[in-house]
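Colleague: Dumping the structure here so I can ask a few things about it.
The values are calculated or read from the model by the stated rules, or taken from the named source; none is laboratory data. Note that the structure is predicted; figures quoted are calculated from it, not measured. Glycine also receives a Cβ, built like all others from the backbone with ideal geometry; neighbour counts cover every protein chain displayed. The protein model used for the area step is the full one, side chains on, heavy atoms only, and it has no ligands, DNA or RNA in it. Shrake-Rupley method; radii C 1.70, N 1.55, O 1.52, S 1.80 Å.
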Amino acid sequence: MVRKTTIPESTNLRYTTRHSDVEGFDSLAELALDMRWSWNHAADSVWRLLDPDLWELTHNPWAVLQTVSRDRILEAFSDPSFRKDVARLLKEKKKSTEAPAWFQMAHPNSALSTVAYFSMEFMLSEALPIYSGGLGNVAGDQLKAASDLGVPVVGIGLLYQQGYFRQVIDSGGNQQALYPYNDPGSLPITPVREPNGEWLRLSVDMPSAKMWLRVWHVKVGKVSLYLLDSNDLANHPSHRQVTSELYGGGASLRLKQEIVLGIGGWRLLRKLGMDVTVCHLNEGHAAFAILERSRDQMEKTGQSFDEALATTRAGNLFTTHTAVSAGFDRFEPLLMDRYFRKYAENDLKIGFEELLSLGRIHPEATDSLFNMAHLAMRGSGHVNGVSALHGRVSRHILGDLFPRWPTPEVPIGSVTNGVHAPSWDSEGADALWSNSCGKDRWLLPTESLENDIHRLSDESIWEFRNASRETFISYARRHLTRQMKVSGESAELIERVSSFFSPDVLTIGFARRFATYKRPNLLLFDPDRLIRLLHHPKGQVQLVIAGKAHPADLAGQKMVREWISFIRRPEVFGRVMFLSDYDMLLSERLVQGVDLWLNTPRRPWEACGTSGMKVLVNGGLNFSELDGWWAEAYSPKVGWALGDGLEHGDDPVWDQVEAESLYEKLEQEVIPAFYERDRNNRPSGWIQRIRESMACLTPRFSSNRAVREYTESYYLPASESVRSRSMENGASGTRIAAWKKKVANYWATLKIRNVSLSNKESQFLFTVLIDPGNLDPSEFSVELYADAGGDFPMFRQKMEMDPAAISGDRLYSATVPANRPPGDYTARIIPSFPGVSVPLEASQILWQK
Ligand SMILES: *Cc1c(COP(=O)(O)O)cnc(C)c1O
C-alpha cells in the first residue's frame with residue numbers, strides 16, 4: 001500500500017529548536033528553506049541585516065539563521081519595519097505559490113500529472129554544493145524554470161557528504177583539492193518524515209546486505225527536489241560511503257550511486273504515492289530507473305518484463321549530454337553480474353544475459369561493456385540532445401543501435417539548453433529589465449521581451465555596463481586578496497591587489513572546467529602575442545580566468561599551472577587574474593561583470609555549453625567557437641565566432657590555426673570595437689551588439705523557453721502515450737510487446753520481390769511486390785525513400801497497399817513528382833504499429849536490393 005507522506009513543516013525540524021520559540025522565527029525559517037531566494041532576491045536584505053559577513057561569504061540564508069544569536073533575532077524583530085518586511089515577503093511568497101502559472105493556463109486538464117526529473121547533480125546555489133558543472137547547471141535551472149512556469153516537476157538526486165572538490169592554488173601555482181564536509185544541518189534541506197514522525201527510509205538490495213537510504217527535501221519555489229543519502233547509521237560502512245562524493249571513486253562506486261539514483265529514486269516516488277507519468281533522465285546515469293519502473297509495473301499488473309517495459313517506456317525521456325562515445329558510463333559484465341544477477345532473475349524474472357543485452361549493441365558480444373546510454377535508448381519513448389548540433393552528433397554516435405537506418409532518421413531530437421535568467425542576472429540587470437519588461441517577465445512566454453529591450457537607449461545600456469564592470473572588479477580584488485592570503489603570498493604583494501584592474505578597461509572572462517577539449521590555454525598559444533594584445537594601442541585589455549581541473553586530470557592541472565606562471569610575468573602584472581575555486585558564486589559575479597565571454601572548445605565536443613548564455617541578460621557579449629548553442633545563436637550582430645563551423649578533431653595544426661584567428665579577431669575587431677567611441681564617449685557599435693544580444697538571445701536561450709519546449713514537445717505527448725498504454729492493466733503495452741516479438745522473430749521472412757516504375761502524368765508511379773512471409777501487412781509499412789542530396793530534401797512516403805492479394809504477395813504503390821531522378825528512390829519496409837515510435841522501439845529495416 002502506498003502511504004502518503006507529508007513534507008515537514010519547518011517547526012518539526014531537528015536543527016531549529018534553538019530559537020523556534022522566538023516569535024517570527026518560523027517565518028524566517030520558511031523563507032530560508034525555500035531556495036526561491038537563489039533567484040528572487042527580495043529577502044537578501046533580511047539575511048544581510050542578521051549577519052552581513054556570513055551572508056557575503058555564503059549567501060546561505062539557512063546558515064545565517066542557524067548561526068546568529070537569539071539576541072540578534074530578537075533585536076531584529078523589535079524593529080517594526082523588519083517585522084513588516086518579513087510579513088510582506090511571506091505574503092508575496094504565498095501569492096506567487098498560489099497564482100496559476102503558464103502551465104495551468106496553457107494546458108488545463110492535461111494528462112501530465114508529475115514529471116520526475118532524475119539527475120546526478122543539481123546546481124541550485126552555492127549553499128547546496130551537490131554539483132560539478134554544466135550538467136548540474138542544466139538540471140538546477142530547469143527546476144527553477146519549472147517552478148516559474150508551474151510545470152509539475154519533482155527532482156530526484158543524491159545528497160553527497162562531500163560535494164565536488166574545492167580548489168586552492170598553492171604558492172607553487174599548483175591546484176590543491178579540498179573536500180569540505182557537507183554538514184546536512186547547515187544545508188537548506190529538511191528530512192522527509194512519515195506522518196508518525198519517523199524518518200522516511202528506503203532500501204535497495206546490495207550483494208552483501210540491504211542498503212538503507214535516507215531522504216531529504218529541498219524546496220525550490222513550487223518544485224520539490226528529493227535527495228537520497230546512504231549515510232545511515234544502520235548501514236555497513238561501505239554503504240554509508242556510497243553517496244560520499246560526486247564523480248569520485250571508481251566504476252563500482254559509480255555503479256552503486258547509479259543504483260541509488262535510478263532504483264532508489266523510483267522507489268521513493270512510489271513510496272511518496274506520486275502519480276508520475278514522465279521520467280526525465282538527465283543523462284544516462286539514471287537509466288536504472290527504467291528497470292525499476294518496469295518492475296513496479298509488473299507488480300501492479302502481472303505483466304512480464306517485456307510487456308511492462310513496452311508499456312512504461314513511452315513515459316521515459318532520455319536527454320543525452322555527451323558528444324563522444326567515451327563519455328557514456330559503461331560497466332564491466334562482471335561488475336554488473338555482482339549487482340544485477342539477482343535483480344534480473346528474482347525481480348524482473350528475466351535471465352541476467354537478457355538484462356545485459358539492454359546495454360549492449362550486439363547481445364551476442366558477451367564480453368562487451370554495459371552501456372548506460374544504450375539502456376536509456378532502449379527504455380525510452382523519446383530521446384534528445386542538448387543543441388541542434390549535438391542532436392546531429394548524437395545521431396552519429398548512437399547510430400549503431402539502428403543498423404542500416406540513415407543517420408538523419410536515428411530517433412534523437414534536440415532541445416537546446418537555456419539558463420534561468422533570474423538566477424544569473426545582477427541587481428543592475430534586474431533593475432534594467434524590470435524597467436523595460438516588468439517584474440513578471442520570466443513567468444510567461446518570453447517572445448515579446450525582444451521589443452522592449454530593443455528600445456533601450458545607448459546611455460542606459462552603457463551606464464549599466466560600466467557600473468557592472470566596476471562592481472565586479474571590486475569583488476574580484478576581494479576574492480583575489482583572500483585567495484592570496486590562503487596561498488601565503490607576501491603582505492606587500494597582497495596590498496597591491498587593490499590597484500589590479502581598472503574600471504574602464506575592456507574586461508574579458510574565461511571560466512570553465514579545465515578539460516582538454518575546452519582548450520583553456522588556447523589563448524596562451526603564443527604568450528608574447530597575448531602580452532602585446534593586453535597592451536593594444538587602441539586600448540588595454542584585462543583578463544580574468546577561473547576553472548578547476550578534475551583531481552585525476554593531470555593535463556588539466558598542467559594548464560592551470562601554465563596560466564598561473566603566465567600571470568606571474570612582470571609584463572602582465574595586475575592585468576590578468578586567476579580566481580580560484582570556480583563555483584556558482586564566482587560564476588555569478590563573473591558573468592555579471594565581464595564585457596566579453598570567451599569560449600574555445602574543440603567542436604563538436606561542447607554539446608551545448610551554458611556559461612556563455614549567462615552573460616546575455618547582463619549585457620556581456622560572446623566570442624566563442626561555433627559549437628553547441630553558439631552555432632545556433634551567432635550572427636555578426638551579436639558577437640564574434642571562432643572556427644569554420646566544421647569538425648577538426650584534436651588536430652594540433654588546427655589548434656594553431658584557431659589560436660591565430662583568435663588573436664587576430666581580438667586585435668582587429670573586438671578591441672577596436674570596444675574603444676571606438678562616439679561624441680558621447682560611448683562605443684556605439686559595441687552597444688548595438690549588446691542591445692541585439694540582450695533582446696534576441698536572452699529569451700531564446702533561457703530555461704523558460706527550454707522547459708516550455710520540453711513540456712510541449714516531450715512531456716505532454718509522453719504522458720498521453722504512457723497513459724494510453726497503461727490502461728486496462730497495460731493491455732496496449734502487452735500487445736506492443738507481442739508485436740515486437742513477432743516482428744523480431746519473423747522479420748527475415750519478409751521479401752521485396754520486385755519494384756517497377758512507370759510514368760503517369762508527369763509523375764512517377766512506383767509499384768512494389770512484397771512477400772509478407774509470416775507477418776501480417778498490418779505489422780509493417782512499405783515506404784519510398786530518397787536521401788537528401790543536391791537541392792532535394794530527404795524524402796519518405798508511405799506506399800498504399802492494393803487490397804487484392806496476388807497469391808499471398810501484396811502489391812504497394814506510390815506516385816511521386818518527377819522532379820528528381822527516379823534512381824534516387826528506394827523502396828523499404830519498416831515495422832509499424834499504431835502509436836509506436838519506429839525505429840526507436842523496433843529498429844528492423846529491409847531495403848530494396
Ligand atoms: C555555468 C557553469 C558551468 C557550465 O559552463 P560551461 O561553460 O557551459 O561548461 C560550470 N560551472 C559553473 C560553476 C557554472 O556556473
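Colleague: On a C-alpha basis, how far is the centre of region 191-260 from the centre of region 735-780 in Å? Whole number, if you could?
Modeller: First find each Cα centre; the distance between them is then 51 Å.
Colleague: For Thr319, Thr366, what's the largest-to-smallest order of accessible area, 1.4 Å probe?
Modeller: So, going from the largest accessible area down, we get Thr366, Thr319.
Colleague: Give the share of C-alpha pairs in each 5 angstrom bin for region 10-98, from 0 to the last occupied bin, in whole percents, shortest bins first.
Modeller: 2, 14, 28, 27, 20, 7, 1
Colleague: Measuring from centroid to centroid over Cα atoms, what is the spacing of region 533-594 and region 660-712 in Å?
Modeller: Each part reduced to its Cα centre gives a spacing of 22 Å.
Colleague: Okay, moving on. GluC sites (Glu not before Pro), restricted to region 380-456: which are DSSP loop and have at most 14 other Cβ atoms within 10 Å?
Modeller: In loop regions of region 380-456 (DSSP not H, G, I, E or B), the sparsely surrounded GluC sites (Glu not before Pro) are Glu447.
Colleague: Express the carbon and sulfur contribution to the solvent-accessible surface of region 750-847 as a percent, rounded to the nearest whole number, probe 1.4 angstrom.
Modeller: With neighbouring chains kept in place, the figure for region 750-847 is 50 percent.
Colleague: Same structure, new question: Over the chain, what is the mean sequence separation of C-alpha contacts under 8 Å (at least six apart), divided by residue count, expressed as relative contact order in percent?
Modeller: Result for the chain is 12 percent.
Colleague: With θ taken as phi - 60° and the coefficients 6.51, -1.76 and 1.60, list the Karplus ³J(HN,Hα) couplings across region 304-315 in order, rounded to whole Hz; mark glycine and proline as x.
Modeller: Per-residue couplings from phi come out as 7, 4, 4, 5, 5, 5, 4, 6, 7, 4, 4, x Hz.
Colleague: Next up: Using the C-alpha atoms of the chain, what convex hull volume per residue, in cubic angstrom, is computed?
Modeller: Normalising the Cα hull of the chain by residue number yields 189 Å³.
Colleague: For region 94-136, which whole-number percentage of the solvent-accessible area (1.4 Å probe, protein heavy atoms only) is attributable to carbon and sulfur atoms?
Modeller: With neighbouring chains kept in place, the figure for region 94-136 is 58 percent.
Colleague: Over the heavy atoms of Trp266, what accessible area does a 1.4 Å probe trace out, to the nearest 10 Å²?
Modeller: Trp266 has an accessible surface of roughly 20 Å² with all protein chains in place.
Colleague: Residue by residue, what Karplus-based ³J(HN,Hα) values in Hz, rounded to whole numbers, does region 742-754 have, using 6.51, -1.76 and 1.60 with θ = phi - 60° and x for Gly and Pro?
Modeller: 5, 4, 5, 6, 10, 4, 5, 8, 6, 9, 9, 7, 6
Colleague: Another one. On the full set of protein chains, 1.4 Å probe, figure out the accessible area of Thr481 and give it in Å² to the nearest 10.
Modeller: 40 Å²
Colleague: On to the next question. Out of the DSSP beta bridges found with both residues in the chain, what percent are antiparallel (nearest 5)?
Modeller: 55 percent
Colleague: Counting C-alpha atoms alone, how compact is region 46-93: give Rg to one decimal and Dmax as a whole number, in angstrom.
Modeller: When restricted to the Cα atoms of region 46-93, Rg and Dmax are 10.9, 28 Å.
Colleague: Please give the length that would be gained between Tyr179 and Arg88 if that part of the chain were fully extended, namely 0.36 nm times their separation in residues minus their C-alpha to C-alpha distance (nm, one decimal).
Modeller: Length gained between Tyr179 and Arg88: 28.8 nm.
Colleague: Then there's this: Could you work out the pair-distance distribution P(r) of region 750-847 from its alpha-carbon pairs, with 10 angstrom bin width and percents rounded to whole numbers?
Modeller: In whole percents, the pair-distance histogram is 15, 47, 31, 8, 0.
Colleague: Round to the nearest 10 and give me the degree value, 0 to 90, for the angle of helix 458-486's Cα axis relative to the longest principal axis of the chain.
Modeller: For 458-486 against the chain, the angle is about 80 degrees.
Colleague: Under the Karplus relation 6.51 cos²θ - 1.76 cosθ + 1.60, θ = phi - 60°, what is the ordered set of whole-Hz ³J(HN,Hα) values for region 181-192, x standing for Gly and Pro?
Modeller: Taking θ as phi minus 60°, the curve returns 7, 7, 6, x, x, 9, 8, x, 10, 9, x, 8 Hz for region 181-192.
Colleague: Okay, moving on. Got a number for the accessible area of Leu554? Probe 1.4 Å, square angstrom, nearest 10.
Modeller: 130 Å²
Colleague: Would you mind working out the accessible area per residue for the chain, using a 1.4 Å probe, and quoting it in Å²?
Modeller: Each residue of the chain exposes 39 Å² on average to a 1.4 Å probe.
Colleague: Would you mind checking the tilt of helix 288-301 against the longest principal axis of the Cα atoms of the chain, expressed as 0 to 90 degrees and rounded to 10?
Modeller: It works out to around 50 degrees.
Colleague: Then there's this: Run down the lysines and flag those whose C-alpha is under 16 Å from the C-alpha of Lys518, throwing out any fewer than 8 positions away in its chain.
Modeller: Here the lysines satisfying the reach criterion relative to Lys518 are Lys548, Lys558.
Colleague: Quick one: helix 333-342 against the long Cα principal axis of the chain, what's the angle to the nearest 10°, folded into 0 to 90?
Modeller: 70 degrees
Colleague: Are there any GluC sites (Glu not before Pro) in region 232-309 that are in a DSSP loop and have at most 14 other Cβ atoms within 10 Å? List them by number.
Modeller: Nothing satisfies the criteria.
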